[in-house]
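Trainee: Before we start, here is the structure in question, set down as structure tokens.
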Amino acid sequence: MNTTQPLYPLTLRLAGREALVVGGGPVAARRASGLIVADAIVTVVAPVVCAELADLIRSGAVTWLVRGYQQGDLDGKWLVHTATGDRAVDEAVRADADTARVWCVDASDHEASAAWVPAVTRRQGVTVAVAAGGDPRRATAVRDAVAAAIDDGTISPFAAIPAASKQPRRVDFPAGSVALVGGGPGDPDLITVRGRDLLAQADVVVADRLGPRTLLAGLSDRVTVIDVGKLPGHHPVPQDEINAILVRYAKAGQRVLRLKGGDPYVLGRGGEELDLCRTAGVPVQVVPGVTSAISAPAVAGIPVTHRGVAAGFTVVTGHDQLADLPGGRDHTVVLLMGVSGLARSAATLAAGTRGADCPVAIIEDAYGAGERVTVGTLASIGRQAEETAVRSPAVVVVGDVVALGHHAHGSTADHRELIDTLTKGL
């Protein structure tokens, strides 16, 4: 890489302007995600797309042309990213962009690309973009050092000079090892600092559907991102294959980060992945994460425990173990992955000591764009979920604590009376 090549740093306002992404893989998905954040009008051209792009298409954030690239696709576009993985196609897009005087970012050939994507982080209203002469690992390291310095107060975005002279924190991530990282409920701000540090050093990222996927947009094109996201009833990459991927890349000398939603050990099969790595002789570290079992109810103002209301809680997947759960409505039940069998689960719990009038809340897409809360009772929640077309990801909370949440306040006279009764004397 010619590090002496003169560059002209620039930020673009793309809101309301058309941009094109050519390609349907993980790199194209990251480029499309970044354009969406900038409020661009995004079109993707690709015969097939990965799961992450499919999610963006289903959400309506992206228009998909289901075919290969054609001349004329650049008409009216302000910017194009080409990331097909086919150098001939990417070169053709780049040549057409030069002719049309449209800026082109070519993921296949950094040397020939007219524009590069910097390593980006956003903190406290400040956007930090770092270019390092085409060295993505160096750019990412500098970006994360700046982000860490802002997070720990070493640098203030509101001051002209650093507040102190601390060295940025760096976590050990040896080559040939695996890190199982809990990414939290999906909001990029809710991953741990340690998790971010490790992500910045990764060579390979094996990503779940429910982790903080927007962080993938900030990774270098040279980082291999493997999408193993699962949908209810549809597991395109079986767990055995996920385990094999972790071991295979680690044994090839790569730093492999398994980015999981929530916490690796809360119904996340992290224990299986840990055991498989250890059995294969691969060093592995585990970074805990914020589990949706607690954080999703918190979005709705629902504490899973509360003095005088509930002294304990149980987290289950909403299957066969429900009939044997301890306690009554003063013992909170949190159902993960329980949408498909919700009516059956509600009937099972209602038949026990909790009763049909026990409060229930469903929190969909917590911290996401589609966040929604539905409040009812064990008797009504199955019907409500069907009428409102509740979809995964969703967390179901059962117990008296539901009446303490934001969406229960004033929703019915019964809930208001229950709140008054529960909180009296507290």
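The values are calculated or read from the model by the stated rules, or taken from the named source; none is laboratory data. Just so it is clear, the model here is predicted, and its values are computed rather than measured. Reconstructed Cβ throughout: ideal geometry from the backbone, glycine too, with neighbour counts over all protein chains shown. Each accessible area value is taken on the protein alone, full model and side chains, heavy atoms only, with ligands, DNA and RNA left out. Shrake-Rupley method; radii C 1.70, N 1.55, O 1.52, S 1.80 Å.
Trainee: Round to the nearest 10 and report in Å² the accessible area of residue 284, as given by a 1.4 Å probe over the protein chains' heavy atoms.
Mentor: 30 Å²
Trainee: Before rounding to the nearest 500, sum -39500 (n - 2.57) across all DSSP H runs of length at least 4 in the chain and divide by the residue total; then give [θ] at 222 nm in deg cm²/dmol. Spell out each step's value before the answer.
Mentor: Values: 11 runs with 117 residues, N = 426.
Result for the chain, helices only: -8000 deg cm²/dmol.
Trainee: Using a cut-off of 13 Å between beta-carbons, work out the net charge of the residues near residue 35 (Lys and Arg +1, Asp and Glu -1, residue 35 not included).
Mentor: Working: positive: 13, 17, 30, 31, 77; negative: 18, 39.
Residues close to residue 35 contribute a combined charge of +3.
Trainee: Dipole of the chain (Lys/Arg Cβ +1, Asp/Glu Cβ -1, origin at the Cα centre): which of 186, 146, 342 lies farthest to the positive side?
Mentor: Farthest towards the positive pole: 146.
Trainee: At 7 Å along the Cα-to-beta-carbon direction for both residue 63 and residue 347, put a label point, then send me their distance in nm to one decimal.
Mentor: 4.7 nm
Trainee: Given the Cα-Cα distance of residue 78 and residue 369 and 0.36 nm per residue of separation, how much length would full extension add, in nm? Let's see the in-between values first.
Mentor: Working: separation 291, 0.36 × 291 = 104.76 nm, distance 2.64 nm.
Full extension from residue 78 to residue 369 adds 102.1 nm.
Trainee: Let me ask you something else. Extension gain residue 48-residue 12, at 0.36 nm per residue separation less the Cα-Cα distance, in nm? Kindly include the intermediate steps, with their values, before the conclusion.
Mentor: Details: separation 36, 0.36 × 36 = 12.96 nm, distance 2.89 nm.
Length gained between residue 48 and residue 12: 10.1 nm.
Trainee: Now for a separate question. Give me the net charge of residue 207's neighbourhood, meaning all other residues with Cβ under 9 Å from the Cβ of residue 207; Lys, Arg count +1, Asp, Glu -1.
Mentor: Charge balance near residue 207 sits at +1.
Trainee: Oh, and also: Compare the peptides 52-58, 106-112, 359-365 by average per-residue count of other Cβ atoms within 10 angstrom and give them in order, highest first.
Mentor: Numbers: 52-58: 18.9, 106-112: 16.9, 359-365: 24.7.
For the peptides 52-58, 106-112, 359-365, the packing ranking is 359-365, 52-58, 106-112.
Trainee: Here is a follow-up. Considering only protein heavy atoms and a 1.4 Å probe, what is the carbon-and-sulfur percentage of the accessible area of segment 268-368? The partial results should precede the final answer.
Mentor: On the way: 2410 of 4300 Å².
Roughly 56 percent, rounded to a whole number.
Trainee: Suppose R0 equals 35 Å. What FRET efficiency, 1/(1 + (r/R0)^6) with r the Cβ-Cβ distance, do residue 110 and residue 152 give to the nearest 0.05? Spell out each step's value before the answer.
Mentor: On the way: r = 32 Å, r/R0 = 0.92.
Step by step, r from the Cβ atoms, then E = 0.60.
Trainee: 7 Å from Cα along Cα→Cβ at both residue 87 and residue 194: what's the point-to-point distance in nm?
Mentor: Placing both labels 7 Å along Cα→Cβ, they lie 4.2 nm apart.
Trainee: Okay, next question. Could you tell me what percent of the DSSP beta bridges with both partners in the chain are antiparallel, to the nearest 5?
Mentor: Details: 23 of 63 bridges.
Among the beta bridges of the chain, antiparallel pairing accounts for roughly 35 percent.
Trainee: Oh, and also: In whole Hz, what ³J(HN,Hα) sequence does segment 287-300 give by Karplus (6.51, -1.76, 1.60; θ = phi - 60°), x for Gly and Pro?
Mentor: These are the phi-based 3J(HN,Hα) values: 10, x, x, 6, 7, 5, 4, 10, 6, 5, x, 4, 4, 8 Hz.
Trainee: Arranged from highest to lowest average of other beta-carbon atoms within 10 Å per residue, in what order do the peptides 30-39, 390-399 appear? Don't skip to the answer; put the middle values down first.
Mentor: Working: 30-39: 21.3, 390-399: 23.4.
Listed from highest to lowest mean packing, they are 390-399, 30-39.
Trainee: Could you give the length gained on full extension between residue 101 and residue 252, defined as 0.36 nm per residue of separation minus the Cα-Cα distance, in nm?
Mentor: Values: separation 151, 0.36 × 151 = 54.36 nm, distance 4.19 nm.
Extra length from residue 101 to residue 252 when fully extended: 50.2 nm.
Trainee: I would also like to ask the following. Hey, can you find the accessible area per residue of segment 339-399 for me, probe 1.4 Å, expressed in square angstrom?
Mentor: Averaged over the residues of segment 339-399, the accessible area is 43 Å².
Trainee: Which value, in Å² rounded to 10, gives the accessible area of residue 10 with a 1.4 Å probe and all protein chains present?
Mentor: 120 Å²
Trainee: Within a Cβ distance under 15 Å of residue 122, other residues only, what is the Lys/Arg minus Asp/Glu net charge? Each step should come with its number before you reach the end.
Mentor: On the way: positive: 123, 143, 196; negative: 39, 144, 151, 187, 189.
Spelling it out: positives minus negatives among the neighbours equals -2.
Trainee: Further, regarding this structure: Based on the Cβ-Cβ distance from residue 311 to residue 127, what FRET efficiency comes out when R0 is 56 Å, to the nearest 0.05? Numbers along the way, then the final one.
Mentor: Working: r = 45 Å, r/R0 = 0.81.
Efficiency, from the Cβ-Cβ distance: 0.80.
Trainee: For segment 22-87, what % of the accessible area comes from carbon and sulfur atoms, probe 1.4 Å?
Mentor: 56 percent
Trainee: Let me ask something additional. If we sort 338-347, 80-89 on the protection proxy, mean other Cβ atoms within 10 Å, highest first, what's the order? Mind dumping the intermediate values first?
Mentor: Working: 338-347: 18.7, 80-89: 20.4.
Highest to lowest by the protection proxy: 80-89, 338-347.
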